[in-house]
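Undergrad: Please read through the structure below; I'll follow up with questions.
The values are calculated or read from the model by the stated rules, or taken from the named source; none is laboratory data. Not measured: the values here are computed from a predicted model. Cβ sites come from the backbone with ideal geometry, for glycine too, and all protein chains shown count toward neighbours. The accessibility values were calculated without ligands, DNA or RNA, using every heavy atom of the protein model including side chains. Shrake-Rupley method; radii C 1.70, N 1.55, O 1.52, S 1.80 Å.
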Amino acid sequence: MLKSLGRGLIAVIIAWWSIGWVQAAPQSTEGAWYLVHAYARGQTHHQFVPDPLHQKYTPVETVSPTGGHYLYMASFEVNKADTYVFDFKNTSTIEYFRHQVYDEQGREVATLEGGIGRQIENPFFLRHGRSVSLAPGKYVLATQLISTNYLAIPEPYWEDQASYMHAIKRGNALTLFCLGVFWGLGIYYTALAASRNRSVEAMYAIFIAGNFVFNSAALLVLPDLLNVHSIYWASMPILFSSIAYIFFVMHLLEINPYQHKRLYAAGMLILAVMMLFLLLAVIFPNWSLEFCRYEVGMFLCYGLATAIRQSQRKNATAKRYLIAISLFFVSGIITISLSKMHQQFDLYIEHLGLVSVAIEVVLLALVLSFQFAQLHKEKEEALEALGLTEKVANSDALTSLPNRYAFVKSLDRLPMQSSLTFIDLDGLKFYNDHYGHARGDELLICFAKKYQHYLGGTLVLYRLGGDEFAVLSHKGEVIVVEEALQKAVEHMRGEGFEFSGASAGSAYYYEVESISEFMRLADERMYQNKRARKRQS
């Protein structure tokens, strides 16, 4: 079923790829595979058979994914003298290869070598293509392959050079574009992880980095641009990135052993298996790509199952991640299950995997962006709630003035010219006793509102409790404070509080040596004024 779905997907991609892209069809070579010998550690191009045309080997259906030395034999005919290019379809992950072309008389007319492991410059950028000039006639192609492992079946084909150079442009552009996406997002999330110290971004950056290195090696960017020639870069990074992806999913969806015992246990089990695969890949490198397939399948299944479960629990991030992992699951499973492209086409299976991961990377970037927005929103709400709590803690519930707690905090680091005025509001007991506490509350509210109005925006009125108030001025504006008090009392009496009044006492900070003396002096002067007012009345 997956293979049928894969062929359908490939057919859609090919149809899109072919729009406006007219070219000569590559020439398939209908040949046969032979096993020279199975994989042995340390194989190199020096083990190529000098004259494979006259040797006998064991026929096989195709190459083994766990590597080995293989021979591909095919006959073909050239109808026009031209320069032709020999390359491989399906995959570019080939460690060593040698094409030997023989004419009808069995004479060798060309030997063409290359591969990821060879220190030979590729004549065609990001391709294994090798060119040779051939006259019309019948030929035999003998292609030897020596590789630690094979991602897919490397079937040789040939094409005239002009058509070949035209055909590879889009595939190369796709490679560079997707790797550019990896590079940009990888740097961004690495910087983000370093600045925020969050595991989600760190694991995501490692996942991107692993895929960047793998695809750069498999699609010949590392050999062609950095002269890095090792087949292990086309397998081992995926083993690390798969581990990072499991951690990423667990951190993204907040999987912990207390609330999600089964999902957490499954994640830990998968991580243990992946660690084992990593160790086995070091011991048995020819199995490394197979271990990569298994790991990709495991993290795709785990990511999908976790997203579904957390979506059912109303996790907003999980719902968005489910979209990303669903697309990645389909394309990823198809990619790891294919061994052929089933078309004469310039795309490799590596390209399908590259596009799958690129789509996942972009979609996950959107998921993380949503999570960032959610975290920012939650942070703003928390700060707003904290601000509201602080306001309540520092405010008087009845008058909304700053309370005694806010007043005490404002006494820190006063300049020497500061002044403090204590006010005792007269008439509160009278209105409480004769008209009820509601009327007394109205008196307090009216006084607070009018007095703060006359004080203006630079001076702050504090309610210390009951009928006690205070005004603190950093500029020592005692006259302004007392004039505002007189205006507030006159206004209150005009508002129906005829029996109201106020007594005040002020002190300057330079008159004393401590805050406690500052407050005591202002309090004494306030009571002196209060007694004086009573004697006058």
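Undergrad: Just the accessible area for F240, please: 1.4 Å probe, Å², rounded to the nearest 10?
TA: Using a 1.4 Å probe on the heavy atoms, I get roughly 110 Å².
Undergrad: How would you rank 189-201, 52-64, 286-298, highest first, on the average number of other Cβ atoms within 10 Å across their residues? Working shown, then result.
TA: Working: 189-201: 16.2, 52-64: 13.6, 286-298: 21.2.
Highest-to-lowest ranking by the protection proxy: 286-298, 189-201, 52-64.
Undergrad: Ignoring everything but the protein chains, give the 1.4 Å probe accessible area of H251 in square angstrom, nearest 10.
TA: My reading of the accessible area for H251 is about 80 Å².
Undergrad: Calculate how steeply helix 288-312 sits against the longest principal axis of the alpha-carbon atoms of the chain, using the helix alpha-carbon long axis, and give the answer as 0 to 90 degrees to the nearest 10.
TA: With both axes taken from Cα atoms, the answer is about 40 degrees.
Undergrad: Moving on to the next point. Kirkwood hydrodynamic radius, the range 28-115, all distinct C-alpha pairs: what's the number in Å? Please report the intermediate quantities before stating the final value.
TA: Details: mean 1/r = 0.0691 Å⁻¹.
After inverting the pairwise mean of 1/r, the radius is 14.5 Å.
Undergrad: How large is the charge dipole for the range 190-346, taken about the Cα centre, if only the Cβ atoms of Lys, Arg (+1) and Asp, Glu (-1) carry charge, to the nearest 20 debye?
TA: Details: 11 positive and 6 negative charges, 167 e Å.
The dipole magnitude comes to about 800 debye.
Undergrad: For H229, H37, what's the largest-to-smallest order of accessible area, 1.4 Å probe? Before the final figure, lay out the partial values.
TA: Working: H229 35, H37 65 Å².
The residues order as H37, H229, largest area first.
Undergrad: Compute the long axis of helix 2-18 from its Cα atoms, compare it with the longest principal axis of the Cα atoms of the chain, and write down the angle in degrees, 0 to 90, nearest 10.
TA: Its long axis makes an angle of about 90 degrees.
Undergrad: Does anyone have the angle between helix 236-252 and the longest principal axis of the chain? Alpha-carbon axes, 0 to 90°, nearest 10?
TA: 30 degrees
Undergrad: Over all directions, what mean area does the Cα convex hull of the chain project, stated in square nanometres?
TA: Projected area, direction-averaged: 39.2 nm².
Undergrad: Would you tally the net charge around Q161, using a Cβ to Cβ cut-off of less than 15 Å, leaving Q161 out, and scoring K and R as +1, D and E as -1? Write out the running numbers ahead of the final one.
TA: On the way: positive: K80, R127, R130, K169; negative: D82, D87, E159, D160, D346.
Surrounding charge for Q161 is -1.
Undergrad: Work out the length of the dipole vector of the chain about its Cα centre, built from +1 on the beta-carbon of each Lys and Arg and -1 on the beta-carbon of each Asp and Glu, and round it to the nearest 20 debye.
TA: Numbers: 46 positive and 48 negative charges, 191 e Å.
Here the size comes out at about 920 debye.
Undergrad: Continuing with the same structure: Filter the cross-link list K450/K530; K429/K487; K138/K340 down to pairs whose alpha-carbon distance in this structure exceeds 24 Å.
TA: Details: K450/K530 21 Å; K429/K487 22 Å; K138/K340 27 Å.
Violating the 24 Å Cα-Cα cut-off are K138/K340.
Undergrad: Under a Cβ-Cβ cut-off of 13 Å, what is the net charge of the residues other than L414 that fall near it, where Lys and Arg count +1 and Asp and Glu count -1?
TA: Values: positive: K409, R413, K475; negative: D412, E511, E513, E517.
Overall, the nearby charge balance is -1.
Undergrad: Rounded to the nearest 10 Å², what accessible area does D51 show when all protein chains are kept and the probe is 1.4 Å?
TA: Accessible area of D51: about 60 Å².
Undergrad: Sort 472-478, 303-309 by packing, meaning the average of other beta carbons within 10 Å per residue, with the highest value first. Kindly include the intermediate steps, with their values, before the conclusion.
TA: Numbers: 472-478: 17.9, 303-309: 20.3.
The densest-packed peptide leads the list: 303-309, 472-478.
Undergrad: Next up: Using only DSSP helix segments of four residues or longer, with each worth -39500 (n - 2.57), what per-residue ellipticity at 222 nm results for the chain after dividing by its residue count and rounding to 500?
TA: Details: 13 runs with 279 residues, N = 537.
Rounded to the nearest 500, it is -18000 deg cm²/dmol.
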